[in-house]
């Protein structure tokens with residue numbers, strides 16, 4: 001297997017959300033030689049869109065994704081997703097990541113929830129396409145099917161792409177997927193579905209799964225500290241045609257969010273070479 005390219009390392013700002021503002025994260029990426037950054041919208045709102053665009057451009061960073069759109073169960077989902085598309089356009093983001101939401105309040109109908117996701121994406125897709133903002137559906141681990149994302153496998157996400165007319169044959173996909181290893185590493189169909197995705201892989205997120213884990217949502221590991229076969233998955237993704245950034249996204253209340261953020265970025269660079 002070929003080693004990871006250090007020039008492709010990107011910071012998802014969730015990795016340092018407890019320690020740094022977005023402005024500090026931008027400056028930190030530049031200081032540590034990272035060329036990519038993926039902001040979260042709450043931090044973006046704190047800084048302000050115009051200021052964020054100016055800082056990112058002045059530090060010559062690529063926005064590898066904006067987190068997040070989706071949550072189609074929210075009452076204001078349409079207006080919020082329209083704002084997210086506008087923000088992603090202004091940032092010239094590679095994609096807007098969609099975390100689609102779980103079951104509507106009071107519902108147990110998972111099939112209907114997934115049908116609703118398709119209906120909602122179909123409403124915002126023309127606007128995203130017109131703005132030049134690719135939408136990346138991120139399947140989340142089944143443990144979060146009820147509350148955060150009823151799309152739980154890469155296969156389900158690609159079925160949505162197919163149903164909405166994105167087969168991956170166009171020069172630039174308007175709708176695709178975000179492959180987050182934390183959420184999909186366990187899937188027995190993962191290699192097959194990554195091949196199926198091809199150019200529809202719009203984002204690639206890395207971290208590790210600790211065994212045992214102390215919290216299913218907020219105890220992600222640094223690359224190399226867990227049991228995910230990261231190099232194998234990266235080679236599958238790159239073999240399918242993905243040539244974009246490798247975005248480190250670590251939610252870690254008990255460990256990495258407690259550390260000096262400069263130490264976190266230094267270790268991210270070191271561990272990325274091993275993935």
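The values are calculated or read from the model by the stated rules, or taken from the named source; none is laboratory data. This one's a predicted model, so the numbers in the text were calculated from it and none came from an experiment. Using ideal geometry, Cβ is built from the backbone for each residue, glycine included, and neighbour counts are taken over all protein chains shown.
Some points to look at:
- Unique match (being at pLDDT 95 or above, touching a helix residue (DSSP H, G or I) at 6+ places or on another chain (Cβ under 7 Å) and either under 19 Å from residue 180 (Cα atoms) or buried (at least 19 other Cβ atoms within 10 Å of the Cβ) (or both)) among 66, 103: 66
- Test set (1) more than 16 Å from residue 70 (Cβ to Cβ); (2) buried (at least 20 other Cβ atoms within 10 Å of the Cβ) - residue 97 fails condition number: (1)
- Some residue of segment 11-24 being surrounded by 19 or more Cβ atoms within 10 Å (Cβ to Cβ), in contact with a strand residue (DSSP E or B) (Cβ under 7 Å, 6 or more places away or on another chain) and in a strand (DSSP E or B): yes
- Exclusive hit being modelled with pLDDT of 95 or more, part of a helix (DSSP H, G or I) and more than 21 Å from the chain's Cα centre (by Cα), set 55, 44: 55
- Picking from residues in segment 100-123 that are touching a strand residue (DSSP E or B) at 6+ places or on another chain (Cβ under 8 Å) and in a loop (DSSP other than H, G, I, E, B), the one that is farthest from residue 147 (Cα to Cα) is 100.
- Test for residue 92: is it surrounded by fewer than 17 Cβ atoms within 10 Å (Cβ to Cβ), closer than 17 Å to residue 247 by Cα and under 19 Å from the mean Cα position of the chain (by Cα): yes
- Qualifying residue in segment 157-176 (condition: in contact with a helix residue (DSSP H, G or I) (Cβ under 7 Å, 6 or more places away or on another chain), modelled with pLDDT under 95, on the phi > 0 side of the Ramachandran plot and surrounded by fewer than 24 Cβ atoms within 10 Å (Cβ to Cβ)): yes
- Considering residues of segment 72-85 that are part of a helix (DSSP H, G or I), touching a residue at least 24 places away in the same chain (Cβ under 8 Å) and over 18 Å from the mean Cα position of the chain (by Cα) only, the residue farthest from residue 129 (Cα to Cα): 77
- In segment 28-41, the residues that are buried (at least 16 other Cβ atoms within 10 Å of the Cβ) and assigned to a helix (DSSP H, G or I): 28, 29, 30, 32, 41
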